[in-house]
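**Student:** Structure in structure tokens, see below.
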Amino acid sequence: MDSAYISAVAALLGSVIGGVMSLAASWLSQNVQARSQQLVADKSRRQELYKDFIEEASRLYGEALATDKAEITRFVDLYAMVSRMRILSAPPVADAADTVIRMIIDTYPQPKQTLRDLGDLINSGHVDPLRRFSEACRDDLSRLRGQ
């Protein structure tokens, strides 16, 4: 075989290998970038959902401490948020949200709280019904960061 052919085949083979490697590197880079963007979007979506749930549950809990008139439609909104959590989040988050809703519902028929009663609740540590939920959310978001 002529040395010119060997040089041409080697050059052609080198170009093919270089092109394939460049294509693979580009594909890998795009794949990693798309996955990273998906994780950021997923985390943002969860953070917004958790924030909305905390705000609405806090309002309802305050209302439950002061009155026995519950607006059922607001509970429907909370349960819709929990259903979205079941889709997006780890099971402990949705379970903790269910517990919060049950606790709020159980608070409505109880005797209404005065400002003095609220001080006693704070001192006893029973005024933070969202603590377990918040911790579950933090764990869920930390798990996302680790992926």
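**Student:** Condition check: farther than 17 Å from LEU144 by Cβ and either part of a helix (DSSP H, G or I) or without any contact (Cβ under 8 Å) to a residue 40 or more places away in the chain (or both). Does SER44 satisfy that? Before you say what the answer is, go through the steps one by one.
**Tutor:** On the way: farther than 17 Å from LEU144 by Cβ: no; either part of a helix (DSSP H, G or I) or without any contact (Cβ under 8 Å) to a residue 40 or more places away in the chain (or both): yes.
No; evaluated as a whole, the condition is false for this residue.
**Student:** In the set THR73, THR114, THR107, which member is touching a helix residue (DSSP H, G or I) at 6+ places or on another chain (Cβ under 8 Å), farther than 13 Å from LEU49 by Cβ, of a type in the set (Ser, Thr, Tyr) and at pLDDT below 90?
**Tutor:** Sole residue among the options that is touching a helix residue (DSSP H, G or I) at 6+ places or on another chain (Cβ under 8 Å), farther than 13 Å from LEU49 by Cβ, of a type in the set (Ser, Thr, Tyr) and at pLDDT below 90: THR107.
**Student:** Shifting gears a bit: Name the one entry in LEU88, LEU144, LEU65 that is in contact with a Lys or Arg (Cβ under 8 Å, 6 or more places away or on another chain), in contact (Cβ under 8 Å) with a residue 40 or more places away in the chain and more than 30 Å from GLN38 (Cβ to Cβ).
**Tutor:** Working: LEU88 fails: more than 30 Å from GLN38 (Cβ to Cβ); LEU144 fails: more than 30 Å from GLN38 (Cβ to Cβ).
Answer to the selection: LEU65.
**Student:** Taking SER29 as the residue in question, decide whether it is part of a helix (DSSP H, G or I) and over 21 Å from the mean Cα position of the chain (by Cα).
**Tutor:** In short, yes.
**Student:** Filter the range 1-41 down to the residues that are exposed (fewer than 10 other Cβ atoms within 10 Å of the Cβ) and of a type in the set (D, E, K, R) and list them by number.
**Tutor:** ASP2
**Student:** Within the range 47-67, how many residues are in a helix (DSSP H, G or I), at pLDDT below 90 and exposed (fewer than 15 other Cβ atoms within 10 Å of the Cβ)?
**Tutor:** 2
**Student:** List the number of the failed condition for ALA97; all other conditions in (1) exposed (fewer than 14 other Cβ atoms within 10 Å of the Cβ); (2) in a helix (DSSP H, G or I); (3) touching a helix residue (DSSP H, G or I) at 6+ places or on another chain (Cβ under 7 Å) hold.
**Tutor:** Of everything listed in (1) exposed (fewer than 14 other Cβ atoms within 10 Å of the Cβ); (2) in a helix (DSSP H, G or I); (3) touching a helix residue (DSSP H, G or I) at 6+ places or on another chain (Cβ under 7 Å), ALA97 misses just condition (1).
**Student:** What number goes with the only condition from (1) touching an Asp or Glu at 6+ places or on another chain (Cβ under 7 Å); (2) under 27 Å from LEU121 (Cβ atoms) that ILE72 does not pass?
**Tutor:** Result: ILE72 passes all but (1).
**Student:** Given THR67, THR99, which one is of a type in the set (Ser, Thr, Tyr) and over 25 Å from the mean Cα position of the chain (by Cα)?
**Tutor:** Criteria check complete, one pass: THR67.
The values are calculated or read from the model by the stated rules, or taken from the named source; none is laboratory data. Computed from a prediction, not measured in an experiment: that's the story for all the values here. Positions of Cβ are backbone-derived with ideal geometry, glycine not excepted, and every protein chain shown enters the neighbour counts.
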